[in-house]
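Visitor: Okay, here's the structure, questions in a sec.
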Amino acid sequence: MPIDKKFAKQLNAQVIAEQEAALVYTQLAYELDRLSFSGMRDWMFAQAAEERVHAQKFAQHLLDRGERVQLGEIKVPTIKISHPLEAFEASLRHEEKVSELIRNLTRTADKVGDIDSRSLLNWFLDEQIEEESTVGEIIDRLKIVGSDGSGLLRIDQELGGRSSGNE
């Protein structure tokens, strides 16, 4: 099952993008920890772990099709937050970026006729809808509570109950 070289290169870039996403979530976790929101920190760490699993899914697809995976330079943007809302807004912006990358992968797969990648890409398209929806809901809740300490602590406690994520 040969793979179009341009498409393989784009898939490899997605491996790197998913690793970048893991680092972005890790940085957001550190920022939330600095603000003493340990539940939100743990949620971000779980999200980082999930992003590493996503990177591995793309890498394994390439490897299964006889391609080499080559990690490249990963740059994590400087992230400074003063309120949890800013962390989740940064998260949503990053998820929207990743969603567009996956839509572009899907467009390329269609263009080159790579039907062998469709199940993988369809899974990720569905996953990104879920990711953006989840983060959007958290943002809505954070906006409702604003700077109310008890509301923030309640959301923090709820988000801390998330498992480490192996999706």
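The values are calculated or read from the model by the stated rules, or taken from the named source; none is laboratory data. No experiment lies behind these values; they were computed from the predicted model shown. Note that each Cβ is placed from the backbone with ideal geometry, even for glycine, and that neighbours are counted across all protein chains shown. Keep in mind that these areas ignore ligands, DNA and RNA; they rest on the heavy atoms of the full protein, side chains included. Shrake-Rupley method; radii C 1.70, N 1.55, O 1.52, S 1.80 Å.
Visitor: In a shell of Cβ-Cβ distance under 11 Å around residue 8, excluding residue 8 itself, what net charge do Lys and Arg (+1) and Asp and Glu (-1) give?
Guide: +2
Visitor: Tell me, what is the percent relative contact order of the chain, built from C-alpha pairs under 8 Å that lie six or more residues apart?
Guide: Result for the chain is 35 percent.
Visitor: Right, next: Counting Lys +1, Arg +1, Asp -1, Glu -1, what net charge surrounds residue 67 among other residues with beta carbon under 10 Å of its beta carbon?
Guide: Computed value for this residue: +3.
Visitor: Counting only protein heavy atoms, what percent of the accessible surface of the stretch 5-161 is carbon or sulfur at a 1.4 Å probe?
Guide: The nonpolar share, carbon plus sulfur, comes to 50 percent.
Visitor: While we're here: Distance from the Cα centre of the stretch 122-159 to that of the stretch 33-48, in angstrom?
Guide: The stretch 122-159 and the stretch 33-48 have Cα centres spaced 13 Å from each other.
Visitor: Continuing with this model, one more query. Ranked highest first by the average count of other Cβ atoms within 10 Å around their residues, in what order do 74-80, 155-161 fall?
Guide: Ranking, from highest mean packing down: 155-161, 74-80.
Visitor: Another question about this same structure. Would you mind getting the accessible area per residue of the stretch 34-145, heavy atoms of the protein chains only, 1.4 Å probe, in Å²?
Guide: Spelled out: the 1.4 Å probe surface of the stretch 34-145, per residue, equals 53 Å².
Visitor: Rounding to the nearest 20 debye, state how big the charge dipole of the chain is about its Cα centre with +1 on each Lys and Arg Cβ and -1 on each Asp and Glu Cβ.
Guide: In debye, rounded to 20, the chain gives about 540.
Visitor: Here are several values of mean projected area of the Cα convex hull in nm²: (1) 10.4; (2) 11.8; (3) 9.3. Which one was derived from the coordinates shown?
Guide: Label (3) holds the value from this structure.
Visitor: Moving to a separate point now. Taking 24 Å as the cut-off for C-alpha to C-alpha distance, list the pairs among 97/143; 9/111; 57/97; 75/111 that go past it.
Guide: Violating the 24 Å limit, Cα to Cα: 75/111.
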